[in-house]
Each structure stands twice: as structure tokens, then as C-alpha cells.
1. Could you work out [θ]222 nm for the chain from helices alone, using -39500 (n - 2.57) per DSSP H run of at least four and dividing by all its residues? Round to the nearest 500 deg cm²/dmol.
2. Could you tell me what percent of the accessible area of the chain is made up of carbon and sulfur, with a 1.4 Å probe and every protein chain present?
3. Can you give me the accessible area per residue for the chain, using a 1.4 Å probe, in Å²?
4. In bins 10 Å wide, starting from 0, what share of all Cα pairs of segment 2-106 does each bin hold, as a percent?
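The values are calculated or read from the model by the stated rules, or taken from the named source; none is laboratory data. Remember, predicted model here, so these are calculated numbers, not experimental data. Please note that ligands, DNA and RNA were not included when accessible areas were found on the heavy atoms of the full protein model with its side chains. Shrake-Rupley method; radii C 1.70, N 1.55, O 1.52, S 1.80 Å.
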Amino acid sequence: RFLLKGGLAGAAVYVAYDQGLLGSGTEGAEALKKAQETLPPAIQEWTNYLGWEVRAAQLPSTPKFDFSLSNSWNKGVHRVMSALSVAPTRACEYSVEGWKYVKDLVK
């Protein structure tokens, strides 16, 4: 059972790599474009083969993705670096505020 699951997982990773999903962003975009072109005719072919009547209007449209992993990664890195660069100043501000609060409590 474990070997079967491992084999299926390995096959899935191989197919993803072979189709370009694990490559660069341009390879992933090409794979998505190829899937968008291939899936609707394949679904229509299978529904005809199985005898189901499916009109093109009944099939949902392919979702449009406007997501760039590299841009999201870069934004995250910029935010983390910005937070780290401001951290010492903020720590000083918060310690001054804390010290004032403690002085007010002691009065």
C-alpha cells in the first residue's frame, strides 16, 4: 500500500515536471495556456464518448489567473526586509512608551 501511494506520488511529480509546471514562470504560463486549449475539446470528446449531452454553454468557462508567483515572492521579501529595517526604531519607541507607562503606574 505504501509503495503504491509512493508510486502514484512519484508519477504525479514526474507528470508535473514533464509538463513544465515545476519550471520557471514562463514554463508554467505555457503549460496553463496549453491546458486551457486542450481541456474543453477533451471534455467534449469524453462526454460524446459516454453519451452525455453537454452543450458548450453548460461547461463553465476556464478561470483566468492573473497571479505571478515571482511578484508575490518579491513583495513578501520587500515587506519582511522593511519590517526588519524598522524593527530597532520601533523597539526603542515601544520601550520608551513602556517606560512612561510604568512611571505613570508608580506615581
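1. Values: 3 runs with 81 residues, N = 107.
Value at 222 nm, helices only, nearest 500: -27000 deg cm²/dmol.
2. Working: 6420 of 9960 Å².
Whole-percent figure for carbon plus sulfur exposure: 64.
3. On the way: 9960 Å² over 107 residues.
That works out to 93 Å² per residue.
4. With a bin width of 10 Å, the distribution comes to 11, 19, 21, 18, 11, 10, 8, 3, 0.
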